[in-house]
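Below you'll find the structure, written out as C-alpha cells, and then a few comments.
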Amino acid sequence: MNSTGRNGPGRPPRLSRERIAEAALQGDVATLTMRELATRLGVSHSSLYRWVPDRDGVLDLVSEVMVDRVLPGDEPDAGNWLDWLERLAWAMHDEFLAVPGYAAHVARPHRHHLASFERLHDRAVAAFRAGGAGTRQAEENWSVFGLGVVRWLAATGSAPAEPPFALYLGTLLRGLPRHDDEHRPHA
C-alpha cells in the first residue's frame, strides 16, 4: 500500500461519499439531478455512478450526513431527556432549513435510508422512554414529534413562520403524554 492509502500508483480518488453528500447539500435537494451533481463535483456522470447507483443513493448519503449533524452527541437519560429532544429539534430546524428543499423532501412520503432513520428513531424513542413513557407511548410520541417537527419545517421553509418554532416546539413537547394510557382503546 502506498502513502495515499491505495494499492498501486496513481492519484487519490477525486470523489468520496462525503464529497458527494456535501455537494448535494449545496443546492435544492428536491430538484437535484445526477447531471447537476456531477457538474458541481467536476466529474463525469460515469465517475459519479461508480460511487452511487442513482439519485436515491445520493439522497441516502445526504440522510446519513443530516442524521449525523442533528443527533445530539450525548445519550438521553432521565435527567436530560426533554433538553435532549429540544436540542434534536433545534438541530433539525437549523440543518434542514439550511438546505433548500430538504425539509420538504423529508416531509413527503419517500423511501427512507433505513440505517439513518433507525438511528434517529431509536435515540428519540430512548429519550421518550427516559422521560417515563412506556414502549408503545414512546413510539407514538416519536411519530407525533418527528412528523410534527418535519412538517412544520417543510411548511415554513426558510420564511418566518407563525407560530414561531420555539412556541410550536414547546407546545408540542408539553402536549405529548409521558406515560401509557392503559384505558385508551388500541387502534
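Of all residues in the stretch 33-57, those being under 17 Å from H112 (Cβ atoms) and either open to solvent by 30 Å² or more (accessible area, probe 1.4 Å) or touching a residue at least 40 places away in the same chain (Cβ under 8 Å) (or both) number 4. Would you call A78 surrounded by fewer than 17 Cβ atoms within 10 Å (Cβ to Cβ), without any contact (Cβ under 8 Å) to a residue 40 or more places away in the chain and either more than 11 Å from the chain's Cα centre (by Cα) or in a helix (DSSP H, G or I) (or both)? So A78 does not fit the description; no. Residue under question is A166, and the condition is that it be surrounded by fewer than 16 Cβ atoms within 10 Å (Cβ to Cβ) and under 22 Å from D28 (Cα atoms); does it hold? The answer is no for A166. Within the stretch 17-32, residues that are farther than 14 Å from V52 by Cβ and at pLDDT 85 or above reach partners that are open to solvent by 10 Å² or more (accessible area, probe 1.4 Å) and among the basic types (K, R) with beta carbons closer than 7 Å, at six or more positions or on different chains, in the pairs Q26/R40. Within the stretch 58-75, being free of Cβ contacts under 8 Å to residues at least 24 places away in the same chain, of a type in the set (D, E, K, R) and part of a loop (DSSP other than H, G, I, E, B) holds for one residue alone: D74.
Selection of the stretch 96-131 for residues being at pLDDT 90 or above, surrounded by 16 or more Cβ atoms within 10 Å (Cβ to Cβ), assigned to a helix (DSSP H, G or I) and more than 11 Å from the chain's Cα centre (by Cα) yields L97, R123, A124, V125, A126, A127, F128, R129, A130.
The values are calculated or read from the model by the stated rules, or taken from the named source; none is laboratory data. Remember, it's a predicted structure, so these values are computed and weren't measured experimentally. Because the Cβ atoms are built from the backbone with ideal geometry, glycine has one as well, and the counts that use them run over all protein chains shown. Ligands, DNA and RNA are stripped out before the accessible areas are found, and what is left, the full protein with its side chains, is counted by its heavy atoms. Shrake-Rupley method; radii C 1.70, N 1.55, O 1.52, S 1.80 Å.
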